[in-house]
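The values are calculated or read from the model by the stated rules, or taken from the named source; none is laboratory data. Only a predicted model underlies this, so the values are computations on that prediction, with no experimental measurement involved. We place every Cβ from the backbone using ideal geometry, glycine too, and count neighbours over all the protein chains shown. Calculation scope for accessible area: heavy atoms of the full protein, side chains included, ligands and nucleic acids excluded. Shrake-Rupley method; radii C 1.70, N 1.55, O 1.52, S 1.80 Å.
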Amino acid sequence: MSLSLSRRSFLRGAGAILTLPFLEAMLPRAARAAALAKAPLRMGIFSVTGGTVLESWMPAAEGALGELPSILRPLEFAKNDLLLLSGLAHNGKTEGNLNGHQHCATLHLTAAQVAKNEGGNISASVSVDQSAAKAAGGETFLPSLEIGLGKGETKYSFSDTGAQVPYEGNPRLVFDRMFRGRQPALPPWAGRGGLRASSPAKAAPAAPPPDSLEKSVLDLVLEESNSLRGKLGHSDRARLDEYMESVRAVEKRVERLGARQASDVRDLGGTVAGKGGLLVPKDLGDAAAWKNEHPMMEDPERHADYIRLMSDLMVLAFQTDTTRVCTFACGSDGAYFPGVVTVGYERHCHTLEHQGNAARVDQADPISREACRQIHAWYTGLFAEMVQKMKAIDDGGVSLLDNSMLLYTSYMADGGHGLKNYPTLLAGKAQGTLHTGRHLAFEKDTPVANLYLEMANRMGANLTEFGESKSSPKARYDGKLPGLV
């Protein structure tokens with residue numbers, strides 16, 4: 001079996017294609033020192049529900065970050081990799097019958113001047129993730145990934161035709177899209193010299209049934225991975241082993257979480273007549289099980305396991321250059337948080353969001369507001385775990401986090417459907433195009449669209465405006481955000 005490497009290479013087996021992470025052997029010797037310049041930039045969006053509690057999110061002062069506010073404190077270890085932005089707002093409007101959550105969700109990543117609901121068909125201008133995917137997606141297997149249990153009120157992505165982009169909430173289907181039945185193509189930087197690039201596969205072998213993980217992806221590529229190890233140096237062997245172990249761990253967690261979800265939903269799904277006329281639970285497949293989120297959203301421990309798993313899939317997608325753009329619709333306004341919320345008696349997120357928010361902070365229920373603070377600190381802790389993993393992954397001489405731009409935010413500014421002073425945090429240095437470790441305060445109601453223009457252009461979009469960046473009555477800074485670098 002012949003084996004060769006390019007910046008994005010593959011291990012092939014029956015029914016599986018496993019993309020490799022960065023290895024030094026992928027670059028010619030003379031080019032290894034310049035790996036950073038050639039590594040791609042990734043853009044991730046980690047968007048939670050329910051807004052935030054602003055006084056526990058925003059630093060008290062501009063400039064260099066001191067001790068982080070309580071909601072962001074789980075990110076203290078990465079403080080020098082963070083850029084907090086305040087003063088940003090959505091100033092657009094929606095037309096048609098849209099409730100408060102839909103209004104916020106439709107404007108969230110589009111920053112549209114006008115979004116519409118015409119006979120149940122919700123439309124808006126292109127979202128920032130899809131704009132970035134259009135610029136950078138042609139060089140990867142998947143132009144973009146949209147993951148999470150995004151439903152009617154929490155679908156944030158829109159194509160350039162104005163149509164909503166569906167989100168995939170089933171971890172097994174996300175995993176399979178990344179690793180099973182793939183037909184890889186040569187990346188544009190293949191053949192620069194050094195080790196010869198692999199030829200693209202004409203067709204991937206047939207994949208196993210979608211509900212079967214009996215044959216592991218790693219088992220399917222084991223022969224070629226063993227051959228590869230013998231051709232690598234010590235540091236590359238360590239990277240490969242660490243990567244293979246992480247894929248195996250994610251694969252096992254996909255299987256376990258899917259089995260638990262199917263079991264719980266089956267228990268809730270009624271019965272059918274079995275042998276001898278006995279009633280037995282309906283046998284739901286994995287795909288059907290993930291259409292019912294309630295068992296998971298009522299158990300914070302399982303909810304956290306789901307968020308960790310989907311976050312790890314995002315990290316693997318970036319690490320292997322499977323995609324450079326990923327949006328995670330994280331959480332649910334309908335979730336319950338027993339054990340996370342330790343004050344009062346209410347544990348239902350949506351109820352707490354409304355009780356804990358008012359026109360003025362002193363008019364809100366303080367117990368509910370503290371409960372909301374606890375929920376958002378919980379979300380930040382899970383985001384921090386993803387940041388920590390990306391900070392530890394070598395991506396051509398620097399960390400994967402250094403080669404990334406992660407937006408941590410929410411689809412509304414607060415639980416009262418607010419649109420002003422959006423919670424906005426960027427993690428990662430975006431290959432040196434973001435000066436991190438700071439809090440930047442912009443003029444009140446500066447369009448979030450200005451930030452999206454900056455993000456899309458860093459991904460190669462070359463735009464002069466985005467959404468309402470120049471058309472809003474609140475337009476300023478020539479549609480951009482000064483001082484990011």
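Values as computed for the structure displayed
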{"read-out": "Within the accessible area of the stretch 50-177 (1.4 Å probe), percent carbon and sulfur", "value": "48 percent"}
{"read-out": "For the stretch 342-404, accessible area per residue (1.4 Å probe, heavy atoms of protein chains only), Å²", "value": "42 Å²"}
{"read-out": "Over 21 Å (Cα to Cα) - which of Lys420/Lys480; Lys93/Lys444; Lys79/Lys420 fall in this group", "value": "Lys79/Lys420"}
{"read-out": "Calculated FRET value between Asn99 and Val398, using beta carbons and R₀ = 41 Å, to 0.05", "value": "0.40"}
{"read-out": "Prolate/oblate/rounded label for the stretch 119-162 (Cα gyration tensor, a/c 1.5)", "value": "oblate"}
{"read-out": "Fully extended contour minus Cα-Cα distance, from Phe77 to Arg302, at 0.36 nm per residue", "value": "78.4 nm"}
{"read-out": "Size of the stretch 336-460 as Cα extents on the principal axes (Å, biggest first)", "value": "50, 34, 21"}
{"read-out": "The stretch 70-140: radius of gyration over Cα atoms, expressed as a fraction of 2.2 N^0.38 Å", "value": "1.48"}
{"read-out": "Heavy-atom SASA rank of Met43, Met58 (probe 1.4 Å, accessible area, largest first)", "value": "Met58, Met43"}
{"read-out": "Cβ crowding within 10 Å averaged over residues, with 314-321, 413-420, 437-444, 388-395 ranked highest first", "value": "314-321, 413-420, 388-395, 437-444"}
{"read-out": "Rotationally averaged projected area of the stretch 35-84 (alpha carbon convex hull; nm²)", "value": "5.0 nm²"}
